[in-house]
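The values are calculated or read from the model by the stated rules, or taken from the named source; none is laboratory data. What you see is a predicted model, and the numbers here were worked out from it, not measured in a lab. Cβ placement follows ideal geometry from the backbone for every residue including glycine, while neighbour counts extend to all protein chains displayed. With ligands, DNA and RNA removed, areas are computed over all heavy atoms of the protein, side chains included. Shrake-Rupley method; radii C 1.70, N 1.55, O 1.52, S 1.80 Å.
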Amino acid sequence: MNFQLSNYILKLYETNAIKFGEFTLKSGLKSPFYIDLRHINSHPELLKQTADLIVDQVKKLHFDYVSGIPYTALPVATLVADKLQKPLIYARKEEKAYGTKNPIIGQYEKGKSCLIIDDLITTGESIIETAEKFQSAGLKTKDFAVIIDRSNDAAGLLSKQGFNLHSLIKLDQMLDVLKQHHKLDDSKISQIKFFVKSSNKAESIAYTNTVTQKILDLIEQKKSRLVLSLDVDNQHDFFKILDQTAEHIVMLKTHVDILTDFDETFIRRLREYADKYRFLIFEDRKFADIGNTVRKQYRGGIYRIADWSDVVTVHGIPGEGILQGLFEGLKCKAGFLLAKMSSKANLMNETYTRKILEMGQQHHSVVSGYIGHGTSVAEIRRLKNKIPKGQLLLMPGVKLQSDKDSLGQQYTSVREAIEGGADLIIVGRGIIAQNDIKKAVMKYKSASY
Ligand code: 5BU
């Protein structure tokens, strides 16, 4: 390695941009090292040096614009753009929750290409996500420059998708330089290497709780990925529809408070159907209060939901206490967190969705998966790729063809939902509003599996 680069690595170490010790990561894992390149921006010389090194690395590539992923990489991208005399554009960090605003800020011509700069690459997923934002805005993205590549093989992953990764420093190089300068010893280095390898393994653990396993078994046994949403207001209609659909569904989704004639017999009868036709009961209650209140709403009141339902929907907005309030001390119960709703202009943006997935992963013993939605295969697949292994994606707002209703519901087609990776589709009016219910349920069942 050249002198300039090892000198640069030492400077990163001296400014505490690379630290060794014990650090708790977002995932809950304890890491023996931590890289925080935000510090670079507070050291003008180091920032300039970073820009010079990146310029050296990318100056032979062809691109029309320079971009940095906010916030950390934006200052250095600005310097790089200046040195190369190319225009700077960048993608909004917080996705607009609604509206049609372009996610790309700055002036550009469609069809031209952009170099994207980021500080650190761990898995490559956030870079791919950014590339997709640029691509959907009509720009080409092929080359990425990062300061440190601390991944196992992000370059390999990116190249499979047609992207080139140009990193200034790889983890092994960084460790070598610090060892040569007596900042690290062999045992610490093997600890770090072991951590990087095993944390990748930890990320690939499948979080499958007993309820999820039941759902997965039913999908295979029934050859169906169908959840029927039976939103009618009286028991007579309810069981009439259930008679024609029960054997083909994996779960029956209820809104029990829609019924005008709810009583104990309804619950008894429903449980008998569930046992006879082997489906889970899914009360779409969308709990959204503090732990103490949801516990009472779930286990008490006139509905006593916890007594008869297998799964319920939960909003993560009150924080993780809601999961404890609902499920602590109960067996064979699980929730689905709302990660992205199907209704038009809903306020769940990308950041919210990501936080919900983090919460769900940490509480995988009681979170079977997520309610999510997308209006295209690509959007659904993007969401699915972020869902921890072993947890499920349930998608409402599904019909045979894409459609909408007059109150903001958006429907994506079954084909797109399944192609995008939805584990289960939730269908209401696509089935229950049809004259021939039996025919409709068979159509959805076979299109789903
Ligand atoms: P539909 O008739 O297929 O539109 O019914 C959809 C059902 O799924 C309905 O019970 C909604 O309450 C439920 N739903 C939804 O449509 N979108 C969402 O984001 C969530 C639930 Br969460």
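Going by the structure shown, is Asp231 within 16 Å of the ligand (Cβ to nearest atom), in a loop (DSSP other than H, G, I, E, B), in contact (Cβ under 8 Å) with a residue 40 or more places away in the chain and open to solvent by 60 Å² or more (accessible area, probe 1.4 Å)?
On the way: within 16 Å of the ligand (Cβ to nearest atom): yes; in a loop (DSSP other than H, G, I, E, B): yes; in contact (Cβ under 8 Å) with a residue 40 or more places away in the chain: yes; open to solvent by 60 Å² or more (accessible area, probe 1.4 Å): yes.
Yes; evaluated as a whole, the condition is true for this residue.
Scanning region 234-251 for residues that are under 27 Å from Asp423 (Cα atoms) and either touching a residue at least 12 places away in the same chain (Cβ under 8 Å) or surrounded by 18 or more Cβ atoms within 10 Å (Cβ to Cβ) (or both) turns up Phe238, Phe239, Ile241, Leu242, Gln244, Thr245, Ala246, Glu247, His248, Ile249, Val250, Met251. Comparison of Lys193, Lys160, Lys188 shows that the only residue that is touching a residue at least 40 places away in the same chain (Cβ under 8 Å), of a type in the set (Lys, Arg) and out of contact with any helix residue (DSSP H, G or I) (no Cβ under 7 Å at 6 or more places or on another chain) is Lys188. With respect to the conditions (1) at pLDDT below 95; (2) at negative phi, Gly162 lacks only one, and its number is (2). Summed over region 88-104, the residues that are modelled with pLDDT under 95, of a type in the set (A, V, I, L, M, F, W, C) and surrounded by 15 or more Cβ atoms within 10 Å (Cβ to Cβ) give a count of 2. Name the residues in region 428-447 that are away from the ligand (no atom under 12 Å from the Cβ) and of a type in the set (A, V, I, L, M, F, W, C), would you? Residues satisfying the conditions are Ile437, Val441, Met442, Ala447.
Scanning region 360-374 for residues that are away from the ligand (no atom under 16 Å from the Cβ) and not in a loop (DSSP other than H, G, I, E, B), we see that the one that is nearest to Ile425 (Cα to Cα) is Gln361. In region 252-264, the qualifying residues are those that are open to solvent by less than 60 Å² (accessible area, probe 1.4 Å) and within 12 Å of the ligand (Cβ to nearest atom), and the one that is nearest to the chain's Cα centre (by Cα) is Lys253. Considering region 330-343, and only residues there that are crowded, with 17+ Cβ neighbours inside 10 Å and of a type outside the set (Gly, Ala, Ser), the residue that is farthest from the ligand (Cβ to nearest atom) turns out to be Lys333.
Listed residues Thr122, Thr78, Thr72; which is among the hydroxyl-bearing types (Ser, Thr, Tyr) and in contact with a Ser or Thr (Cβ under 6 Å, 6 or more places away or on another chain)?
Thr122
Taken over region 313-329, residues that are surrounded by 20 or more Cβ atoms within 10 Å (Cβ to Cβ) and of a type outside the set (Gly, Ala, Ser) amount to 6. Of the residues Val427, Val414, the single one that is in contact with a Lys or Arg (Cβ under 8 Å, 6 or more places away or on another chain), over 24 Å from Gly316 (Cα atoms) and modelled with pLDDT of 95 or more is Val414.
Residue pairs whose Cβ atoms lie under 7 Å apart, sitting 6 or more positions apart in sequence or on different chains, and linking a residue in region 339-350 that is in contact (Cβ under 8 Å) with a residue 24 or more places away in the chain to a partner that is near the ligand (Cβ under 7 Å from one of its atoms) and open to solvent by 50 Å² or more (accessible area, probe 1.4 Å), are Met348/Met341.
If a residue must be surrounded by fewer than 16 Cβ atoms within 10 Å (Cβ to Cβ) and near the ligand (Cβ under 10 Å from one of its atoms), how many such residues does region 344-357 contain? Looking only at that region, the number is 0. Scanning region 1-22 for residues that are farther than 12 Å from His181 by Cβ and in contact with a Lys or Arg (Cβ under 7 Å, 6 or more places away or on another chain) gives Phe20, Glu22. Within region 268-312, being of a type in the set (Asp, Glu), over 17 Å from Leu218 (Cα atoms) and open to solvent by less than 40 Å² (accessible area, probe 1.4 Å) holds for Glu283, Asp284.
Checked against (1) within 30 Å of Ile117 (Cα to Cα); (2) surrounded by 14 or more Cβ atoms within 10 Å (Cβ to Cβ), Ser190 passes all but condition (2).
Here is the figure for region 140-163: residues that are touching a Leu at 6+ places or on another chain (Cβ under 7 Å) and either among the basic types (Lys, Arg) or over 18 Å from Asp119 (Cβ atoms) (or both) total 1.
Being of a type outside the set (D, E, K, R) and within 31 Å of the chain's Cα centre (by Cα) is the filter here, so list the residues in region 227-245 that pass it. Write out each step before concluding.
From region 227-245, those of a type outside the set (D, E, K, R) are 227-230, 232, 234-236, 238-239, 241-242, 244-245; that's our starting set.
Hits for region 227-245 are Val227, Leu228, Ser229, Leu230.
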